[in-house]
Amino acid sequence: MRNPPDLPDLLEEFSKINLSKYKAILLPGLTVALLGFALYTSAFTVDPEEKAVVLKFGEYDRMVDQGLHFKLPFFIEQEYKVPVQRQLKLEFGFRTEESQGRQEYVPTQYSQQNFSSESLMLTGDLNVASIEWVTQYKISDPVLYLFKVRNVDQTFRDMNEAVLREIIGDRTINEVLTVGRSEIQSLAKDKLSNLCKEYSLGIVVSQVILQDVSPPDAVKPAFNEVNQAEQEKETTIQNALAAYNKEIPKAEGTALKTIEAAEGYAVKRVNEAKGQVSRFSQVFEEYAKAPDITRKRIYLETMSEIYQAVDRKIIIDESATGVLPLLNLRQER
């Protein structure tokens, strides 16, 4: 086998080549290649949803919008494109995976990767909750986003975890799982917005969405039993309140009706008594004026009432004798 030539030998061989006879071919080729490379490094396009930051010798020079643009060739100027119009998002505790050309949400327990380090959080009452959330944001200042903070994406992700863990740590497990979700989302958005301004990230937070809030898988059966017991307790309380609201107004209505009837009866009896007193007073006044006439009128009125109550009336002369044996008083009516 032949040994490969050494480097000095190769250099000696190349030095023996006469390049003068290739001059007519090499110079136009190098010129065309140089011009092509200059054109390639001097033109760039910006998409409608992007802005480009142009640096000259590594220093910020200008910012350009969408369209075709030119810059100094040979990497004297460099452009960095930033999607300022695109709605970006960070996912915590899960990842959206591509499936048949569509993005699908894959929960942590069904994902090939484990994101429990992001989702597991300690609550204020020393319970553990598994929280999956999404932070949506836009890039508002490309210069700050690119050059103010090193590794801005990881910094923003760390800020999200720190803020949400702080908020969750101030609340009980029941607040996190039930009524406190909207408040947590709003508070997290406000705190992240303030931190982005303070750190000059060039990011505007659109919203924070709690995708899924649940107890850890290890304690989920016991937690579900507790929730079921609490729901049954609330159902029993609501049924009792419904029965109370049904019976109490009914009893109050009956009592009010009885009271009103008694008051009406009392008013009636008092008015009747007053009427009788007034009538007796008037009769007494008339009697005092003419006792005989009043006595006779009273007698006639009394007899009129008596006669109306008697079915049979037998009127005989007080001077008649022997009449009683003729009357059959035992005859049925």
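Just so it is clear, none of the values below were taken in a lab; they were calculated from the coordinates. Computed from a predicted model, the values in this text were never measured in an experiment. When we count neighbours, we look across all protein chains shown, and the Cβ atoms used for this are built from the backbone with ideal geometry, even at glycine.
At full extension, GLU305 and ARG181 could sit 36.0 nm farther apart than now, given 0.36 nm per residue minus the alpha carbon distance. Overall, segment 88-215 carries a charge dipole of about 360 debye about its Cα centre when +1 sits on the Cβ of Lys and Arg and -1 on the Cβ of Asp and Glu, all other atoms neutral. Counting only lysines at least 8 places from LYS257 when in the same chain, those with an alpha carbon closer than 26 Å to its own are LYS246, LYS268, LYS274.
Each of ILE139, ASN194, SER117 was placed along the dipole of segment 88-215 (beta-carbon charges, centred on the mean Cα), and the one lying farthest toward the positive end is ILE139. The calculated FRET efficiency for the pair ASN227 and VAL270, based on their C-beta separation and a Förster distance of 56 Å, comes to about 0.35. Here's the list of lysines a cross-link from LYS89 could span, going by alpha-carbon distance under 23 Å and ignoring same-chain residues fewer than 8 apart: LYS51, LYS81, LYS138, LYS148, LYS189, LYS191, LYS197. For LYS233, give me every one of the aspartates and glutamates with a C-alpha distance below 20 angstrom, ignoring sequence neighbours fewer than eight places off in its own chain. Leaving aside aspartates and glutamates fewer than 8 places away in the same chain, those within reach of LYS233 are GLU175, GLU225.
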